[in-house]
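The block underneath contains the structure these notes are about, expressed in structure tokens.
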Amino acid sequence: MWKRTTWRLRHKSKFGMFSNIQTLDDTESGGFKSGAFYTTVSQFAANGTWLIHENRPNFAKMFRNLQSDIASLDLSTAEPWQILSYNSDGYYAPHYDFLNPDTNKQLVEGRGNRIATVLVILQIAKKGGTTVFPKINLNIRPKAGDVVVWLNTLPSGESDSQTLHAACPIKEGTKIGATLWVHAKGQEFSMPCAESKKYYDRPDSHEFQFDGQEFWDDESRNLCDDVELDTTWQWEKAVCFEYFWNYQAVKMEVIAWRPGLRLVHQEAGGGLFEVDGRAGANGTQIIAKDFPAALSIFNTVKNLMPNLDFKYAEDIVALSYHPGGHYAAHHDYLEYPSEKEWDSWMRNYGNRFGTLIMVFKTAERGGATVFPALGATVRPNPGDAFFWFDMMGDGSQEDLSEHAGCPIYEGRKMISTIWVRMKKQPILDNLLNPGSISARFLIPGTIKLNKN
């Protein structure tokens, strides 16, 4: 069963859009009365008013729906709604929503800066009126009822220069939008802490010496260390979903569609790895039924990814990386000199169909997983899991699945890996294309599952 909101990721975890929010009726969205204003200053030309949602039932309902859908933000810290109506030639020139602390000292000191913007589209113009982000070459063309959300600041609290945006001139018709500016105060337990700035510090990591560094090329090392080289958030088809499956909420991020690379965000699970200390080795195999914590996680993943048959998966491999630990670029798909060299797994269950990684602990610095051919970097949180396909539809190796575990510079990284074999995989039975396997086959309900 799908939840009614669908997120489309645009700016990594900083930018999202979803549809079908409760909108207003004509009596709420029409004519601006008390508190209304009109301006034609050089920055923008629009009719507008400020509105406190508690005074309007439909706005109050819309606010509650938004708070439910944007659980990672506390919207109670927001300023009153700003409603703007753009008529012919109305526009809003390029600007930032975060406040200048020098000119807004009292507001910023009291409530923090505008950490996020929530823009609800109440009515679209017949022509023109799109919202553009020129620094990231993005033009948003929403429908009435869509909501666009973005963060205005970096995890460190500093302003994000890439959030420069504008409302394009109206060529025909009227556009009406409602904006909430959410302030930082009160977000301490839901938003990333300032220590997340580690991904922006770009330490002199190339001066860090470790065994095996000769197996790393500059491109892969740079993907590990420089967050700005990861451009997957710019991809038009990058997407996030939130849905309910087997009575559990699932947050899914599709980092790449072909080949499918999916990240599942979970609220819990980060502390399960170190139960009774048996899984703290640098590398060890675990039989799930003999390890309660691993069995619990394994069963959760099976429930959340029903399109994968884990019956023919290898035993869980647990890995712990300390400073200097890494895994240079490689494929998980297995190659043998000849069929005579096949082991029993290959003979009985076929090659590795896909890889699932579950994250229990992340390092203080370093330790991301990079996909050089995709130009993608996965920086998960404890409790997250991510999956990708190791083979193509015809059973051959998926070259784009080459990946690497970045060097650990500080702290410790703990993960477990499950390699799923190709035998009786329902996804393979539903493929019509011998090429790269799309991430859409990982979404529940998209394929016919085997009953046996």
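What residue, of E54, E79, is over 14 Å from L122 (Cα atoms), open to solvent by 20 Å² or more (accessible area, probe 1.4 Å) and more than 29 Å from the chain's Cα centre (by Cα)?
Working: E79 fails: more than 29 Å from the chain's Cα centre (by Cα).
Among E54, E79, only E54 is over 14 Å from L122 (Cα atoms), open to solvent by 20 Å² or more (accessible area, probe 1.4 Å) and more than 29 Å from the chain's Cα centre (by Cα).
Which members of the stretch 394-452 meet the condition of being hydroxyl-bearing (S, T, Y) and either out of contact with any strand residue (DSSP E or B) (no Cβ under 7 Å at 6 or more places or on another chain) or part of a loop (DSSP other than H, G, I, E, B) (or both)?
The initial filter retains those residues of the stretch 394-452 that are hydroxyl-bearing (S, T, Y), namely 396, 401, 409, 416-417, 436, 438, 446.
The answer is S396, S436, S438, T446.
Going residue by residue through the stretch 124-132, is there one that turns out to be out of contact with any Cys (no Cβ under 9 Å at 6 or more places or on another chain), in the same structural domain as L107 (by the TED database) and at pLDDT below 85?
Step one: list which residues in the stretch 124-132 are out of contact with any Cys (no Cβ under 9 Å at 6 or more places or on another chain), which gives 124-127.
From the residues that got through so far, the ones that are in the same structural domain as L107 (by the TED database) too are 124-127.
Those still in the list that are at pLDDT below 85 too: none.
No, that holds for no residue.
Could you list, ordered by first residue, the pairs with Cβ atoms under 6 Å in which the first is in the stretch 168-185 and in the same structural domain as D97 (by the TED database) and in a strand (DSSP E or B) and the second is aromatic (F, W, Y) and modelled with pLDDT under 95, at least 6 apart or interchain?
Listed by first residue and then by second, the contacts come to I170/Y86; K175/Y86; A178/W81.
From the list E398, E314, E341, E335, which one is closer than 21 Å to L442 by Cβ and out of contact with any helix residue (DSSP H, G or I) (no Cβ under 9 Å at 6 or more places or on another chain)? Break it down into steps so the answer makes sense when it comes.
Numbers: E314 fails: out of contact with any helix residue (DSSP H, G or I) (no Cβ under 9 Å at 6 or more places or on another chain); E341 fails: closer than 21 Å to L442 by Cβ; E335 fails: closer than 21 Å to L442 by Cβ.
Residue meeting the stated conditions: E398.
I need a count of the residues in the stretch 143-164 that are under 19 Å from L73 (Cβ atoms), assigned to a loop (DSSP other than H, G, I, E, B) and open to solvent by less than 20 Å² (accessible area, probe 1.4 Å).
Looking only at that region, the number is 3.
What tally of residues in the stretch 82-104 results from selecting those that are part of a loop (DSSP other than H, G, I, E, B) and within 29 Å of the chain's Cα centre (by Cα)?
Restricting attention to the stretch 82-104, the residues satisfying the condition of being part of a loop (DSSP other than H, G, I, E, B) are 87-90, 96-104.
Filter once more, keeping what is within 29 Å of the chain's Cα centre (by Cα): 96-100.
Here the count works out to 5.
Being at pLDDT 75 or above and over 25 Å from E158 (Cβ atoms) is true for just one of D25, D97, D69, D74. Which residue is that?
Values: D25 fails: at pLDDT 75 or above; D97 fails: over 25 Å from E158 (Cβ atoms); D74 fails: over 25 Å from E158 (Cβ atoms).
Answer to the selection: D69.
Report whether or not R278 is touching a helix residue (DSSP H, G or I) at 6+ places or on another chain (Cβ under 7 Å) and at pLDDT below 70.
On the way: touching a helix residue (DSSP H, G or I) at 6+ places or on another chain (Cβ under 7 Å): no; at pLDDT below 70: yes.
It is false that R278 is touching a helix residue (DSSP H, G or I) at 6+ places or on another chain (Cβ under 7 Å) and at pLDDT below 70.
The values are calculated or read from the model by the stated rules, or taken from the named source; none is laboratory data. Computed from a predicted model, the values in this text were never measured in an experiment. Because the Cβ atoms are built from the backbone with ideal geometry, glycine has one as well, and the counts that use them run over all protein chains shown. Side chains are part of the model used for accessible areas, which takes the heavy atoms of the whole protein and leaves out ligands, DNA and RNA. Shrake-Rupley method; radii C 1.70, N 1.55, O 1.52, S 1.80 Å.
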